[in-house]
Amino acid sequence: MSVLLQETVDNLITKTDGIYVDGTLGGGGHSFEICSRLTGGGRLIGIDQDADAIAAATKRLELYKDRVTILRSNYRDIKNQLASVGIDKVDGIMLDLGVSSYQLDTPERGFTYRDENACLDMRMDQRQDMTAKDILQNYSEQELFRMIRDYGEDRFAKNIAKHIVQAREKKPIETTGELNEIIRAAIPAKVRATGGHPAKRTYQALRIELNHELDVLQDSLDEMIELLNPGGRLCIITFQSLEDRIVKNNFKKNENPCTCPSNFPVCVCGNVSKGKVITRKPILPSEEELEVNSRSKSAKLRVFQRAE
């Protein structure tokens with residue numbers, strides 16, 4: 001189920017005959033809603049690096065195939081991908097940075113700690129060689145600690161890293177169930193009783209590390225804003241504080257890029273605003289959505305509009 005569906009598409013579409021990009025196509029939920037609102041020469045470009053997601057989205061968007069182009073790539077290459085189909089500017093771009101429902105609901109992909117028998121894969125792009133299992137097997141204890149601390153924001157990162165290294169010395173860590181047991185043993189029982197699934201933060205850290213998610217996001221935002229036509233919008237749904245901070249700070253910088261000291265009477269740095277932040281506070285899921293879609297709980301939508 002697509003998160004913040006109406007809120008995202010309402011903010012994204014400024015003209016129904018425009019060109020829009022879904023940079024994280026997934027199963028095509030947001031794209032289907034976008035296509036249903038397009039008229040005339042309206043067009044959607046869907047980008048995803050996951051072959052399974054592309055297959056699912058292609059099927060879902062069959063009704064609108066005359067206005068949809070699907071490209072297999074990472075959104076970090078959005079400029080080149082658009083150029084490959086003759087597009088240099090668009091009217092809106094959206095990203096949904098969560099793991100897609102399709103990936104979570106396919107246990108063998110290894111994205112969810114809820115299935116105990118899955119391989120520790122977690123690759124967004126299965127053309128990539130390295131998997132989460134490789135990280136668990138080959139990273140040093142210090143590297144594992146850094147990853148779980150920085151990307152999982154887990155206060156027990158040091159102990160979890162230590163337990164992973166101790167366990168792999170006996171035998172390789174092969175399945176989600178084995179990793180779950182190791183993490184449970186590293187976290188105090190009283191914390192396990194109240195703090196949700198103990199493995200959640202470590203899985204987040206592994207996924208971010210393996211797929212370079214924060215680097216890709218950080219490196220792509222300025223370029224996406226440059227690709228927007230005047231008045232075009234960039235809509236981004238985040239699911240954790242690390243992503244949200246990157247988006248919030250980038251939008252702020254693009255709205256007010258001036259680097260002059262505050263006591264200067266006039267700007268002399270020459271940096272010009274690229275547009276404005278539409279969402280002073282992020283848009284959050286409604287009570288109704290939270291009731292029917294538990295995955296929306298931590299979602300935040302931020303919107304930036306290119307200068308007219």
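Taken over region 117-142, the criterion of being assigned to a loop (DSSP other than H, G, I, E, B) and either under 17 Å from residue 167 (Cα atoms) or aromatic (Phe, Trp, Tyr) (or both) is satisfied by 120, 139, 140. Taken over region 158-186, the criterion of being in contact (Cβ under 8 Å) with a residue 40 or more places away in the chain, part of a helix (DSSP H, G or I) and surrounded by fewer than 20 Cβ atoms within 10 Å (Cβ to Cβ) is satisfied by 177, 180. Restricting to region 250-293, and then to whatever is among the hydroxyl-bearing types (Ser, Thr, Tyr) and closer than 19 Å to residue 3 by Cβ, can you tell me which residue is least open to solvent (accessible area, probe 1.4 Å)? Looking at the filtered set, the residue picked out is 279.
On the basis of being farther than 24 Å from residue 298 by Cα and touching an Asp or Glu at 6+ places or on another chain (Cβ under 9 Å), does residue 12 make the cut? So residue 12 fails the test.
Quick one: would you say residue 251 is aromatic (Phe, Trp, Tyr), farther than 18 Å from residue 92 by Cα and either free of Cβ contacts under 8 Å to residues at least 40 places away in the same chain or not in a loop (DSSP other than H, G, I, E, B) (or both)? Taking the combined requirement at face value, the residue does not satisfy it. When you go through (1) surrounded by fewer than 13 Cβ atoms within 10 Å (Cβ to Cβ); (2) hydroxyl-bearing (Ser, Thr, Tyr); (3) in contact with a Pro (Cβ under 8 Å, 6 or more places away or on another chain) one by one for residue 296, which number turns out not to apply? Every condition holds for residue 296 apart from (1).
Within region 184-214, the residues that satisfy the criterion of being closer than 22 Å to residue 124 by Cβ and not charged (D, E, K, R) are 197, 199, 202, 203, 204, 205, 206, 208, 210, 211, 212, 214.
The values are calculated or read from the model by the stated rules, or taken from the named source; none is laboratory data. Keep in mind it's a predicted model, so treat the numbers as computed, not measured. Backbone-built Cβ (ideal geometry, glycine too); neighbour counts: all protein chains shown. Heads up: the accessible areas ignore ligands, DNA and RNA and are worked out on the full protein's heavy atoms, side chains in. Shrake-Rupley method; radii C 1.70, N 1.55, O 1.52, S 1.80 Å.
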